[in-house]
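Novice: The structure that follows is given in the form of structure tokens.
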Amino acid sequence: MRDCRTMGAWLRRYLEEHIVSERNLAENTRQSYRDTFTLLLPFISAGARKPIDRLVIDDLTAERLRAFLDHVETERGCSVETRNRRLTAVRAFARFVASRDPALVAWCGHIRAIPVKRAAPKPVAWLTRAETDALLAAPDRKTPRGRTEHAILIFLVNTGARVSEASGLRIADIAFSQRNGGSALATLHGKGGKVRQCPLWKETERVVAEQTAGRSNGDPVFSSRYGRAYTRFGIYRVVERCAAAVPELSGKTTTPHVLRHTAACSLVRAGVDLNTIRAWLGHVSLDTTNIYAEIDLEMKARAMALCDAVEEGPTRPWKEDRGVMAFLRSL
């Protein structure tokens, strides 16, 4: 009879049923949880000195999990944020197991007692208008590949789309202005199945229309010369390769998420209210959007100038005001 505490049996129920049917987590989250246990199980197997297929729940101790988290940081060279994401996946798994087997509640408590590690907040990176224009001019638009790369860049800067949203964009998701009588709109399918619409600039609409001409609605908007959709990593490489060709961006890390920050900062500087920017970027909480109101030094300088007190003329110390004593005696 199979041991009900076998790790593999629990993981199958968790990864195939719980996070899919019961939680309906996003595809990227599911893959992140899967990758966590792909790394964790060989590490636990080595510590317990038994094959992975024979691991049981009790083999995943708090001490081994702490050692695994240290391994993720030190030996694999991952950031604190990645370490915390691995811990979050394991803690969610422990909560699932304990909810199905009361005998494992104590084990779950030991796992969930491991705290997340505090990470110093990183400054938000974004591009100025001059840097953005230089990046958009980097692709060679005389070639089909260059025109596709330019379309990807201008779309990211315009919409602030996440890289997964851009890679999953289909032609049916674009409503061109000729069809709806207004401005062109892109329907983005975001995290957690959320859907939002972003207006497109006239130039963005033009280059996207060139990319999609003569193709069916189910085709990807951004596709390679082989007709396959750009993956998330493919879009990352496009942004990094084009940024490497811009002298103004030398020594500056430029990723699709930096272009997302750039879009948000452009909206802030244009005077768009934060709640509209929150909806534009697909943020759940306004607290996430508030960071963009704090990073533009030029806007801070203008606000400081408005609040600056009127400069007064030179004053003399009280002891040099010879008329003050006469004033007091006259009272």
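Novice: Given the C-alpha centroids of the stretch 18-34 and the stretch 71-112, what is the distance between them in whole angstrom?
Specialist: Taking the Cα centre of the stretch 71-112 as reference, the centre of the stretch 18-34 is 15 Å away.
Novice: For N84, what is the net charge nearby, where nearby means another residue's Cβ is under 11 Å from its Cβ and Lys, Arg count +1, Asp, Glu -1?
Specialist: Taking every Cβ under 11 Å from that of N84, the sum is +4.
Novice: Stretch T288-T6 to full length: gain in nm at 0.36 nm per residue minus the Cα-Cα span?
Specialist: Extra length available between T288 and T6 comes to 97.5 nm.
Novice: Let me ask something additional. ³J(HN,Hα) across the stretch 254-266 via Karplus (A = 6.51, B = -1.76, C = 1.60, θ = phi - 60°), whole Hz, x for Gly/Pro?
Specialist: Karplus values, whole Hz, x for Gly and Pro: 10, 10, x, 6, 5, 5, 5, 4, 4, 4, 5, 5, 5.
Novice: With Cβ to Cβ distances under 12 Å as the rule, what net charge do the other residues near P256 carry (K, R +1; D, E -1)?
Specialist: Net of charged neighbours comes to +2.
Novice: Enumerate lysine pairs in the chain that are 8 or more residues apart or on different chains, then count those whose Cα atoms are under 25 Å apart.
Specialist: Close lysine pairs found across the chain: 6.
Novice: Looking at A130, T88, H189, which one has the Cα that reaches farthest to the positive end of the dipole of the chain (charges on Cβ: Lys, Arg +1; Asp, Glu -1)?
Specialist: Going by the charge dipole, the pick is T88.
Novice: Report the semi-axes of the equivalent ellipsoid for the stretch 7-112 in whole Å, largest first, where each axis is √(5λ) for an eigenvalue λ of the Cα gyration tensor.
Specialist: Each semi-axis is the square root of five times an eigenvalue, giving 20, 18, 13 Å.
Novice: Would you please give the residues with an amide H less than 5 Å from that of A184, counting only those at least 5 places away or on a separate chain, with H modeled from the backbone geometry?
Specialist: Amide H to amide H, under 5 Å and 5 or more residues apart or across chains, A184 pairs with S177, L200.
Novice: Sticking with this one: How much length is gained if the chain between E248 and L39 is pulled fully straight, taking 0.36 nm per residue apart and subtracting their Cα-Cα distance, in nm to one decimal?
Specialist: 71.3 nm
Novice: Report the full-extension gain for the segment A229 to H110: residue separation times 0.36 nm, less the Cα-Cα distance, to one decimal in nm.
Specialist: 38.4 nm
Novice: If you wrap a convex hull around the alpha carbons of the chain, what volume per residue comes out, as a whole number of Å³?
Specialist: 288 Å³
Novice: Longest span of the chain, sites excluded, free of GluC sites (Glu not before Pro) in DSSP loop with at most 12 other C-beta atoms within 10 Å?
Specialist: Free of exposed loop sites, the longest segment is 76-293.
Novice: Continuing with this model, one more query. Quick query: amide H of V56 versus all other amide H atoms, modeled in the peptide plane; which residues come in under 5 Å with a sequence gap of 5 or more or a different chain?
Specialist: Those lying under 5 Å, H to H, from V56 are M7.
Novice: Let me ask something additional. Please label the shape of the stretch 127-198 as rounded, prolate or oblate, based on the square roots a ≥ b ≥ c of the eigenvalues of the alpha-carbon gyration tensor (a/c under 1.5 means rounded; beyond that, a/b larger than b/c means prolate, else oblate).
Specialist: Details: a/c = 1.78, a/b = 1.48, b/c = 1.21.
Cα axes put the stretch 127-198 in the prolate bin.
Novice: Normalising by the residue count of the stretch 7-112, find the relative contact order in percent from Cα pairs under 8 Å and 6+ residues apart.
Specialist: Taking the mean separation of contacting Cα pairs over the length of the stretch 7-112, I get 27 percent.
Novice: Same structure, new question: Mind checking the dipole of the chain: about its Cα centre, +1 per Lys or Arg Cβ, -1 per Asp or Glu Cβ, Debye to the nearest 20?
Specialist: 800 debye
Novice: Rounded if a/c is under 1.5, else prolate if a/b is larger than b/c, else oblate: which is the stretch 91-233, with a ≥ b ≥ c the root eigenvalues of its Cα gyration tensor?
Specialist: Verdict is prolate for the stretch 91-233.
Novice: Also, quick follow-up: Enumerate the calculated ³J(HN,Hα) couplings along the stretch 110-117 in order (Karplus 6.51 cos²θ - 1.76 cosθ + 1.60, θ = phi - 60°), each rounded to whole Hz, writing x wherever the residue is Gly or Pro.
Specialist: Coupling constants for the stretch 110-117: 5, 5, 6, 6, 5, x, 6, 8 Hz.
Novice: With each run of n ≥ 4 DSSP H residues scored as -39500 (n - 2.57), what mean residue ellipticity at 222 nm is computed for the chain after dividing by its residue count and rounding to the nearest 500 deg cm²/dmol?
Specialist: The helix-only estimate for the chain comes to -15500 deg cm²/dmol at 222 nm.
Novice: Still on this structure, please answer the following. Going by a ≥ b ≥ c, the root eigenvalues of the Cα gyration tensor, does the stretch 129-304 fall in the rounded group (a/c under 1.5), the prolate group (a/b larger than b/c) or the oblate group?
Specialist: Working: a/c = 1.77, a/b = 1.26, b/c = 1.41.
Oblate, since a/c reaches 1.5 and b/c is not below a/b.
No value in this document is a laboratory result; all are computed from the given coordinates. Quick caveat, the model's predicted, so the values are computed rather than measured. For neighbour counting, all protein chains shown are included, and Cβ atoms are generated from backbone atoms with ideal geometry for every residue, glycine included.
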